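A quick write-up on the structure given underneath.
FYI, it's all coordinate maths here, none of it is from the lab. Keep in mind the model is a prediction, meaning the values are calculated, not measured. Cβ placement follows ideal geometry from the backbone for every residue including glycine, while neighbour counts extend to all protein chains displayed.
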Amino acid sequence: MTDAAPDFDAAFGVQLDALMRWRRDVRHFRSDPVPDAEMQALLANVSLAPSVGHAQPWRLVRVRSGERRARLADHVDGQVLAAAERYADPAQRDQYRSLKLHGLREAPEILAVFSDDRPVAGHGLGIATMPEMLRYSTVMAIHGLWLTARARGIGMGWVSIVDPAALAAMLDVPGEWTLIALLCIGYPAQASDTPELEQRGWQAREPLTDRLFER
Ligand SMILES: Cc1cc2nc3c(=O)[nH]c(=O)nc-3n(C[C@H](O)[C@H](O)[C@H](O)COP(=O)(O)O)c2cc1C
């Protein structure tokens with residue numbers, strides 16, 4: 001514990017707004033590695049995330065094996081091809097196929113994030129009626145990682161076009177771990193304040209007024 005709470009001034013607030021606006025889901029990476037000290041800084045902030053009952057259910061698998069990485073990339077490519085077939089409209093199918101939906105072959109770091117559905121920590125607090133809170137906690141940790149990365153000039157891309165059971169088998173993890181995200185991490189090829197799917201004409205950001213309700 002420390003008594004010296006920082007004073008987040010207005011300038012920091014402006015910077016934080018910019019961080020939110022300039023965070024991106026990154027699929028195009030430079031090839032230079034992320035220094036290990038930087039990776040450790042990102043991972044350290046995961047531990048600061050909020051979690052139900054303070055259960056800290058996130059489980060991180062840093063993929064070091066080139067062979068596993070190749071299998072992951074092949075798997076996602078297969079899933080992407082299969083997903084394209086779900087679009088009945090040929091033009092939309094072609095547009096989907098033209099999107100780059102992962103950087104698993106180029107990103108210097110690959111992190112698979114699982115959530116432990118039966119963590120000892122937290123002693124079950126807060127999950128009697130909504131056990132999914134554990135997985136939401138893991139999502140919170142990923143978002144913290146995403147922002148931390150961006151603040152350090154590092155990009156992150158979330159890959160979810162996967163068969164979670166296949167990934168769990170590939171990465172040899174315990175049965176009570178549920179896959180939440182497969183993450184590509186590295187220095188982005190370019191910065192942008194506009195989502196790539198918006199740049200590519202797939203889906204624009206919609207107005208808050210369509211998403212905000214009062215009762
Ligand atoms: C839960 C989740 C899953 C996602 N899965 C994928 C994915 O499989 N492939 C991909 O290219 N982007 C994926 N994304 C990234 C979104 O496409 C991206 O967040 C969205 O287009 C907005 O862009 P931005 O994150 O740059 O603001 C995912 C994002 C989230 C939050």
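Screening the range 82-109 for residues that are touching a residue at least 12 places away in the same chain (Cβ under 8 Å) and closer than 17 Å to Asp163 by Cβ and picking the one that is nearest to the ligand (Cβ to nearest atom) gives Leu101.
Residue by residue, here is whether (1) more than 15 Å from Lys100 (Cα to Cα); (2) in contact with a strand residue (DSSP E or B) (Cβ under 8 Å, 6 or more places away or on another chain) holds:
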site: Ala165; (1), (2): yes, no
site: Leu171; (1), (2): yes, yes
site: Leu179; (1), (2): yes, yes
site: Cys184; (1), (2): no, yes
site: Glu198; (1), (2): no, no
site: Arg215; (1), (2): yes, no
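Table: residues versus (1) surrounded by 14 or more Cβ atoms within 10 Å (Cβ to Cβ); (2) within 14 Å of the ligand (Cβ to nearest atom); (3) assigned to a loop (DSSP other than H, G, I, E, B).
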site: Met130; (1), (2), (3): no, no, yes
site: Gly144; (1), (2), (3): yes, yes, no
site: Ala149; (1), (2), (3): yes, yes, no
site: Ala166; (1), (2), (3): yes, no, no
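For the range 183-213, taking the residues that are aromatic (Phe, Trp, Tyr) and in contact (Cβ under 8 Å) with a residue 40 or more places away in the chain, the one that is farthest from Trp22 (Cα to Cα) is identified as Trp202. Contact list please: Cβ distance under 8 Å, first residue in the range 44-67 and polar (S, T, N, Q), second residue assigned to a strand (DSSP E or B), pairs at least six apart or on different chains. Taking only residues 6 or more apart or on different chains, the pairs are Ser51/Trp58. Scanning the range 61-70 finds one or more residues that are in a helix (DSSP H, G or I), of a type in the set (Lys, Arg) and surrounded by 15 or more Cβ atoms within 10 Å (Cβ to Cβ).
Taken over the range 78-128, residues that are touching a strand residue (DSSP E or B) at 6+ places or on another chain (Cβ under 6 Å) and either part of a helix (DSSP H, G or I) or surrounded by fewer than 14 Cβ atoms within 10 Å (Cβ to Cβ) (or both) amount to 0.
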